[in-house]
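Take a look at the structure below.
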Amino acid sequence: MTIPPELQTDFLAGLLRRTSRPAPAIAAAIIQKARAKKGLALEEVGRLLNLSAAAGKDSQLTEQLFQTAALVKREIYGPRLVLFAPLYISDYCVNDCAYCNFHTRNRELVRRKLTLSEVAAQTRFLINQGHKRLLLEFGEDPVHNPIDYIVKVIRQIYAARTPRGNIRRVNVNIAATTAADYRKLKAAGIGTYQLFQETYHRPTYEQLHRGPKADYERQIGAAGRAFAGGIEDVGLGALFGLYDWRFEVLALVAHSQYLERTYKVGPHTISVPRLRPAPTVTYRAAYPVSDDDFLRLIAILRLALPYVGMIISTRERPEIRRQAFQIGISQASAGSVTVTGGYGRQRRQPQFAIADERPLQEVIRAVMADKLIPSFCTACYRRGRTGERFMQLAKPGSIQHLCQPNALLTLAEYLADFTTDGLREKGYRLIAAGLRQITDDAVRSETERRLAQVRAGARDLYF
């Protein structure tokens with residue numbers, strides 16, 4: 001990939017310098033503009049990042065930023081929060097990344113990859129917790145984790161069943177690869193292909209990576225090859241703490257705008273992980289991101305890219321996740337384990353430490369208490385609302401008219417299959433309130449009819 005000018009390190013660093021020290025009135029005007037849900041230009045993002053970082057104690061500006069981000073998020077996606085679980089399939093890896101416990105120098109780790117029967121067992125465990133969508137994690141190793149093995153794993157997950165249901169959508173995080181390999185993933189029925197750039201600051205990237213992943217251009221060009229391979233939804237991300245968070249946010253927006261301009265499809269998701277401790281990892285964040293700055297960067301990304309699904313993981317503490325859900329996050333992992341084959345088993349060395357160890361049902365209870373609708377919806381993938389078609393619905397906010405009824409239906413399934421009376425009744429009250437928020441009479445009536453079917457035992461009903 002020939003890196004376009006707006007993604008080159010010197011350009012991004014220069015833009016941050018040119019937009020430094022803006023007047024507070026400029027930031028306020030940019031935030032006001034973002035209410036239109038049309039996104040922001042790179043220069044506007046730069047000004048917002050600089051002022052947000054410099055005026056961190058400006059409570060009035062921060063409140064305006066958060067309120068607007070919350071408004072934009074609700075007008076695009078409504079009050080729903082999609083939940084999923086990561087599933088680590090193999091920790092074999094040929095890379096030596098400074099921040100990851102699966103690095104090749106880790107001789108203490110007894111490497112393993114799951115057999116297909118183990119994949120099925122882990123999948124059934126997660127089904128029986130209530131999950132409907134998974135994110136698969138593999139280390140990069142062409143011998144132990146070839147693409148054909150990955151495809152077999154995906155098909156095994158889709159084939160797994162328990163009396164409580166099945167996994168309806170598999171998203172995949174594997175190393176950057178070829179368009180031919182991406183075609184195989186597409187044929188296996190994946191949802192979103194997710195790959196983090198880790199850091200967009202090229203000198204830092206090259207310093208922290210050894211092995212095939214050290215190829216910066218291979219990494220940054222992966223989304224384009226995925227599109228060429230027929231995958232319609234890609235997910236971007238940066239690992240915050242490796243470099244200046246302002247630079248990373250600006251780069252994520254620049255990358256998103258490049259993809260949209262080149263392929264007519266922006267990223268389906270953006271993930272915002274912060275660096276966490278890990279066994280055998282001595283690297284410490286060179287640019288640690290405070291809780292306040294972390295929440296600001298989420299809000300700024302929401303304003304800059306209003307259509308994008310934003311993902312937060314269990315790296316973050318419950319109280320931070322709670323705030324993030326309100327101001328921009330639309331998807332979250334829950335009940336996570338970052339150990340290969342670690343669900344329901346004795347835990348081995350994780351890839352990194354998690355900070356939210358609550359089981360799925362406890363997360364759901366807390367989410368409902370904040371009047372958000374826990375969702376396990378996978379309808380868009382199966383209805384063909386992917387790629388450019390999804391963007392056409394998400395940008396004007398029309399997608400929430402599908403998200404809301406589908407979230408209510410999947411919550412009703414969860415309540416019926418996995419909860420006791422106390423939580424179930426709270427959930428039904430939330431569903432009743434959610435029904436009242438559906439403004440289209442025909443859609444509300446049809447949702448009520450399908451909810452009655454779910455209570456009577458029907459499953460997997462969706463718009």
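Taken together, the values in this text are just the output of simple stated rules run on the coordinates, not laboratory data. Just so you know, these numbers come straight off a predicted model, no measurement behind them. When we count neighbours, we look across all protein chains shown, and the Cβ atoms used for this are built from the backbone with ideal geometry, even at glycine.
Going 7 Å from the Cα of ASP460 toward and past its Cβ, which residues in the stretch 162-205 have a backbone nitrogen under 19 Å from where you end up?
162-171, 187-192
Considering amide H positions built from the backbone, and no H for Pro or chain starts, which residues 5 or more places from MET310, or on another chain, come under 5 Å of its amide H?
The answer is ILE270, SER330, GLN331.
Taking the Cα atoms of the stretch 5-73 alone, what are Rg (to one decimal) and Dmax (as a whole number) in Å?
That works out to 12.3, 36 Å for Rg and Dmax.
Per q in 0.11, 0.14, 0.21 Å⁻¹, report the Debye log10 I(q)/I(0) for the stretch 11-138, using one uniform scatterer on each alpha carbon and no solvent.
Values, matching the q order: -0.73, -0.85, -1.08.
Based on other C-beta atoms within 10 Å, arrange LYS73, LYS371 from fewest to most.
Working: LYS73 25, LYS371 10.
Going from least to most buried by this count: LYS371, LYS73.
Please work out the C-alpha center-to-center distance from the stretch 110-165 to the stretch 17-88 and express it in whole Å.
37 Å
Evaluate the Debye formula for the stretch 219-326 with equal point scatterers sitting on the alpha carbons, no solvent, and hand back log10 of I(q)/I(0) at q = 0.10, 0.18 Å⁻¹, in q order, two decimals.
-0.31, -0.92
Counting only Cα, what are the radius of gyration and maximum Cα-Cα distance Dmax of the chain, in Å?
According to the Cα coordinates of the chain, Rg and Dmax are 21.2, 62 Å.
Determine the percent antiparallel among the DSSP beta bridges restricted to the chain, to the nearest 5. Present the calculation step by step, with values, prior to reporting the outcome.
On the way: 2 of 31 bridges.
Rounded to the nearest five, the antiparallel share is 5 percent.
Hey, rough spin-label estimate for GLN346 and ALA433, points 7 angstrom out along Cα→Cβ, what's it come to in nanometres?
Reported label-point gap for GLN346 and ALA433 is 4.5 nm.
Which FRET efficiency value, to the nearest 0.05, do you get for ASP440 and GLN32 by plugging their Cβ-Cβ distance into 1/(1 + (r/R0)^6) with R0 = 25 Å? It would help to have the intermediate numbers written out before the result.
Working: r = 30 Å, r/R0 = 1.18.
Efficiency for this residue pair is about 0.25.
In percent, what relative contact order does the stretch 1-160 have, based on Cα pairs under 8 Å that are 6 or more apart in sequence? Before the final figure, lay out each step's value.
Working: 135 pairs, mean separation 32.1, N = 160.
This gives 20 percent for the stretch 1-160.
Going Cα to Cα from LYS132, which lysines come in below 26 Å? Please leave out same-chain ones fewer than 8 positions away.
Straight-line reach from LYS132, under 26 Å: LYS73, LYS113, LYS152, LYS184, LYS186, LYS371, LYS395, LYS426.
Describe numerically, in nm with one decimal, the distance between label points set 7 Å from Cα along Cα→Cβ at ALA228 and at LEU71.
In this crude spin-label approximation the distance works out to 4.3 nm.
Using the beta-carbon distance between TYR158 and THR178 and R0 = 30 Å, what value does 1/(1 + (r/R0)^6) give for FRET efficiency, to the nearest 0.05?
On the way: r = 23 Å, r/R0 = 0.78.
E between TYR158 and THR178, to the nearest 0.05, is 0.80.
How high is the relative contact order of the stretch 202-358, in percent, counting Cα pairs under 8 Å that sit 6 or more residues apart?
On the way: 201 pairs, mean separation 31.5, N = 157.
Across the stretch 202-358, relative contact order equals 20 percent.
What FRET efficiency comes out for MET1 versus ASN128 if R0 is 60 angstrom and r is the Cβ-Cβ distance? Round to the nearest 0.05. Kindly include the intermediate steps, with their values, before the conclusion.
On the way: r = 42 Å, r/R0 = 0.71.
Efficiency computed from Cβ-Cβ geometry: 0.90.
So for the chain, averaging the separation of alpha carbon pairs under 8 Å that are six or more residues apart and normalising by length, what relative contact order in percent results? Can you show the working numbers first?
Working: 849 pairs, mean separation 91.7, N = 463.
Dividing the mean separation by the residue count of the chain yields 20 percent.
Quickly work out the GLU425-to-SER20 label distance, labels modelled 7 Å from Cα along the C-beta direction, and quote it in nm with one decimal.
6.0 nm
Give the Rg/Rh ratio for the stretch 405-463, taking Rg as the radius of gyration of the Cα atoms and Rh as the Kirkwood radius, to two decimals. Please list the in-between numbers first.
Values: Rg = 10.8 Å, Rh = 11.4 Å.
Dividing the radius of gyration by the Kirkwood radius yields 0.95.
Any idea what diffusion coefficient the stretch 316-364 gets from Stokes-Einstein, in µm²/s, Kirkwood Rh on alpha carbon pairs, 10 °C, 1.306 mPa s? Before the final figure, lay out the partial values.
Values: Rh = 11.9 Å.
The diffusion coefficient I find is 133 µm²/s.
Rounded to the nearest 500 deg cm²/dmol, what is the calculated helix-only ellipticity per residue at 222 nm for the chain, with -39500 (n - 2.57) per DSSP H run of length n ≥ 4?
Values: 19 runs with 222 residues, N = 463.
-15000 deg cm²/dmol, from helical runs alone.
How do VAL443, VAL253, VAL72 rank when sorted from fewest to most other Cβ atoms within 10 Å of their own Cβ? Write out the running numbers ahead of the final one.
Details: VAL443 16, VAL253 28, VAL72 24.
Exposure proxy ranking, most exposed first: VAL443, VAL72, VAL253.
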